[in-house]
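Reviewing the structure listed below.
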Amino acid sequence: MNRNLRKTVIAGNWKMNLAPSGAKTLIEELKPLIAGKDKCEIVVCVPFIDVPSVAEKVKGSDIKVGAQNVHFMKSGAYTGEISAEMLVEAGAEYVIVGHSERRQYFGETDETVNLRLTAALDAGLKPILCVGELLEQRDRGITAEVVSMQTKIALQGIDAERLKRVIIAYEPVWAIGTGRTATSEQADEVCGIIRGVIAGKYGSDTAEAVTIQYGGSMKPGNAAELLAKYNVDGGLIGGASLKAADFAAIIDAAQN
Ligand code: 13P
């Protein structure tokens with residue numbers, strides 16, 4: 001990370017875990033552990049149903065609240081979906097878009113990711129855009145092409161001013177929930193490739209200012225090494241964000 005140029009953001013992605021009662025307990029445990037840790041922004045991306053209660057619970061702390069997905073239409077006959085404006089009213093400030101689990105299990109495409117990202121920005125949310133290659137794509141040597149294309153399509157129609165609210169998370173799919181982490185060199189390399197794509201589209205000043213996280217089995221034991229890399233400006237953390245002590249330890253690693 002380079003804190004002089006850009007914000008470090010440590011975000012938890014709770015995925016489909018913790019109902020409001022469990023969410024309350026985790027936030028209560030987390031609050032004292034992260035007090036005064038002001039060198040990074042701290043976000044928890046929670047299930048939709050937890051957004052209002054977690055937004056209430058984090059008041060008076062530095063924890064920010066995000067959701068894990070957003071629909072691209074403002075309202076209408078889209079059974080089961082949640083709009084960006086609904087999320088804002090419920091208390092969300094951030095929203096994950098294009099997570100690989102959404103792409104893999106729910107048919108999301110680069111085009112719908114672009115629509116969701118645009119809708120999130122229109123409503124004033126801060127999107128966390130996830131990109132990342134499959135193991136097979138890494139093995140074929142096309143990681144750079146895959147993440148570049150995902151990034152370019154997701155950001156179509158987004159100007160430099162709006163990009164300031166976008167965080168990008170590089171999440172190699174083969175490292176998610178597998179316990180297998182990208183090496184810090186691999187993470188730095190691909191985050192740098194993404195930064196290069198941003199530079200090509202928006203110029204190098206904008207690219208140097210954009211926060212690019214790494215996600216994929218980040219945990220207390222590897223966070224410091226990953227975060228020490230120039231192009232890695234934080235983490236998007238799944239499993240380890242469900243344990244207050246582990247998430248706090250990663251936040252600690254981001255203080256140095
Ligand atoms: P894990 O940290 O559980 O590998 O999950 C990473 C992730 O998908 C965060 O969005």
Between a first residue in region 157-182 that is away from the ligand (no atom under 16 Å from the Cβ) and a second residue that is modelled with pLDDT of 95 or more and β-branched (Val, Ile, Thr), which pairs have beta carbons less than 6 Å apart while being 6 or more apart in sequence or on different chains? ALA160/THR206
Those residues of region 80-99 that are in contact with a Pro (Cβ under 9 Å, 6 or more places away or on another chain) and more than 21 Å from LYS59 (Cβ to Cβ) come to a total of 3
Filtered residue count, region 218-244, keeping only those that are surrounded by 23 or more Cβ atoms within 10 Å (Cβ to Cβ) and out of contact with any strand residue (DSSP E or B) (no Cβ under 6 Å at 6 or more places or on another chain): 2
Residue count, region 152-205, condition more than 19 Å from ASN114 (Cα to Cα) and among the β-branched types (Val, Ile, Thr), comes to 7
Read through the list (1) over 20 Å from TRP14 (Cβ atoms); (2) more than 14 Å from the ligand (Cβ to nearest atom); (3) hydrophobic (A, V, I, L, M, F, W, C), then give the number of the only condition that ALA120 fails. (1)
Does SER61 fit the bill of being touching a helix residue (DSSP H, G or I) at 6+ places or on another chain (Cβ under 6 Å), hydroxyl-bearing (Ser, Thr, Tyr), buried (at least 17 other Cβ atoms within 10 Å of the Cβ) and at pLDDT 95 or above? no
Selection from region 202-256 of residues that are within 14 Å of the ligand (Cβ to nearest atom), closer than 20 Å to ASP188 by Cβ and polar (S, T, N, Q): GLN213, SER217, ASN222
The residue from VAL97, VAL147 that alone is within 14 Å of the ligand (Cβ to nearest atom), among the β-branched types (Val, Ile, Thr), under 18 Å from the mean Cα position of the chain (by Cα) and buried (at least 19 other Cβ atoms within 10 Å of the Cβ) is VAL97
Checklist (1) in a helix (DSSP H, G or I); (2) aromatic (Phe, Trp, Tyr); (3) in contact with a Cys (Cβ under 9 Å, 6 or more places away or on another chain) applied to TYR214, failing item: (1)
For the list (1) of a type in the set (Asp, Glu); (2) surrounded by fewer than 21 Cβ atoms within 10 Å (Cβ to Cβ); (3) without any contact (Cβ under 8 Å) to a residue 60 or more places away in the chain; (4) over 20 Å from ASP122 (Cβ atoms), I need the number of the one condition that ASP50 fails. (2)
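The values are calculated or read from the model by the stated rules, or taken from the named source; none is laboratory data. Bear in mind the structure is a predicted one, so any value in this text is a computation, not a measurement. With ideal geometry, Cβ positions are generated from the backbone for all residues, glycine too; neighbour counts draw on all protein chains shown.
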